[in-house]
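All remarks here apply to the structure that follows.
The values are calculated or read from the model by the stated rules, or taken from the named source; none is laboratory data. Bear in mind the structure is a predicted one, so any value in this text is a computation, not a measurement. When we count neighbours, we look across all protein chains shown, and the Cβ atoms used for this are built from the backbone with ideal geometry, even at glycine. The accessibility values were calculated without ligands, DNA or RNA, using every heavy atom of the protein model including side chains. Shrake-Rupley method; radii C 1.70, N 1.55, O 1.52, S 1.80 Å.
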2 protein chains.
Amino acid sequence: MDLRQVIRNIPDFPKPGINFKDITPVMENPEAYRQALEEMTQLLDGTEYDKLAAIESRGFIFGGPMAVEQDKGMVLFRKAGKLPAKTRQVTYDLEYGTATLEVHVDALNAGDRVIIVDDLLATGGTALASAKLVREAGAQVAGFLFMVELEFLGAAALLQKEGPVFSLVKYS
Amino acid sequence: MDLRQVIRNIPDFPKPGINFKDITPVMENPEAYRQALEEMTQLLDGTEYDKLAAIESRGFIFGGPMAVEQDKGMVLFRKAGKLPAKTRQVTYDLEYGTATLEVHVDALNAGDRVIIVDDLLATGGTALASAKLVREAGAQVAGFLFMVELEFLGAAALLQKEGPVFSLVKYS
């Protein structure tokens, strides 16, 4: 199945001029969802890793099934104030204002090789903040994994300084 | 494995006097996570359904792997402003203020039998709002599925008016 035919374009979301890639039809079609997960898993062939770090909230949609299938732990990277135990935080710039991402301090150990998972790579701000959280725990970024990459935004070049970037569907 | 030994208590989160049930250690342990998913799936034995409606964001953690494994579509129920296409909304009361939950109008069809999935049942406000979204689409609530139920809060009695309630780990 051509996943590009399942992903749909929503013009002018979240604001005029942005052509949003809507992946919700992929999850509504179990054949498409399974294919996406299988092909994302294949992208990691040859990459050694211990944990999947899934970025809230659409990262959970891919990190969860892959963690179960690949027998890896899934660690949640969440927005500020959602995780109940002691956290490590990183605050990063958005187009307007800032955002904070957190992980439980006991969720990553020194030396863990971590794949950072999200649905879509756009400007890479959240992914770079995630890499910082991994490094500050003494762990390593084994790679970044996305279902969709907006290649024309050029974020992969920034992320590659932290680790390899794997994307299933690229829009150039 | 006794999942109660994996779920941990975080006292005084999100506010003094609340003993928060933290399920993140379950996802960090692939054996525990797989067991939770298998046992949640077993709870649905004998229940006919077409779609899993996963409530943002921890519902995605369970709805995603179950959808893939059970060959069902997963529909996302999200907070206001996150879904890009045309949505149906419901606004409901919280302890302080209100919250809005949305679903894409084309994600549910009349007659769909829907299981509403979330990580934890507390007071049931979000689950009841989800049931309303299902009904307003002309679809049916085939049941509610939770990994954890705070039985002492009594929400299951409210939900049972909408559909059967299935919970894996109950705290009485």
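Summary of computed values
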read-out	value
In segment A:113-124, the residues that are in a loop (DSSP other than H, G, I, E, B) and not hydroxyl-bearing (Ser, Thr, Tyr)	A:Ala122, A:Gly124
Matching residues, segment B:52-68, being more than 8 Å from chain A (Cβ to nearest Cβ), over 15 Å from B:Ala99 (Cβ atoms) and out of contact with any Lys or Arg (no Cβ under 6 Å at 6 or more places or on another chain)	B:Ala53, B:Ala54, B:Gly63, B:Met66
Residue within segment A:103-121 that is free of Cβ contacts under 8 Å to residues at least 12 places away in the same chain and touching a strand residue (DSSP E or B) at 6+ places or on another chain (Cβ under 8 Å) present	no
Those residues of segment A:25-71 which are touching a strand residue (DSSP E or B) at 6+ places or on another chain (Cβ under 6 Å) and among the polar types (S, T, N, Q), in sequence order	A:Thr47
Elements of type strands (runs of 3 or more DSSP E) contained in segment A:1-93, each with 1 or more residues being open to solvent by less than 70 Å² (accessible area, probe 1.4 Å) and over 21 Å from B:Gly81 (Cβ atoms)	A:51-55, A:73-79, A:87-93
Segment A:122-138, subset free of Cβ contacts under 8 Å to residues at least 40 places away in the same chain and over 13 Å from the mean Cα position of the chain (by Cα), residue surrounded by the most Cβ atoms within 10 Å (Cβ to Cβ)	A:Arg135
Set B:Thr98, B:Thr91, B:Thr87, B:Thr123: member being touching a helix residue (DSSP H, G or I) at 6+ places or on another chain (Cβ under 7 Å), polar (S, T, N, Q) and over 26 Å from A:Gln35 (Cβ atoms)	B:Thr123
Those residues of segment B:80-98 which are more than 9 Å from chain A (Cβ to nearest Cβ) and touching a strand residue (DSSP E or B) at 6+ places or on another chain (Cβ under 9 Å), in sequence order	B:Ala80, B:Lys86, B:Thr87, B:Arg88, B:Gln89, B:Val90, B:Thr91, B:Tyr92, B:Asp93, B:Thr98
Enumeration of residues in segment B:93-111 that are more than 17 Å from the chain's Cα centre (by Cα), among the acidic types (Asp, Glu) and at pLDDT 95 or above	B:Asp106
Boolean, B:Ala110 is open to solvent by 10 Å² or more (accessible area, probe 1.4 Å), among the hydrophobic types (A, V, I, L, M, F, W, C), more than 14 Å from every other protein chain (Cβ to nearest Cβ) and part of a strand (DSSP E or B)	no
Boolean, A:Val103 is buried (at least 16 other Cβ atoms within 10 Å of the Cβ), within 12 Å of chain B (Cβ to nearest Cβ) and in a strand (DSSP E or B)	yes
Matching residues, segment A:14-42, being at pLDDT below 95 and at the interface with chain B (Cβ under 9 Å from one of its Cβ atoms)	A:Pro14
Subset of segment A:144-166 [among the small types (Gly, Ala, Ser) and surrounded by fewer than 20 Cβ atoms within 10 Å (Cβ to Cβ)]	A:Gly154, A:Ala157
Of all residues making up segment A:61-77, the number that are under 14 Å from the mean Cα position of the chain (by Cα) and either touching a residue at least 24 places away in the same chain (Cβ under 8 Å) or more than 19 Å from A:Val105 (Cα to Cα) (or both)	10
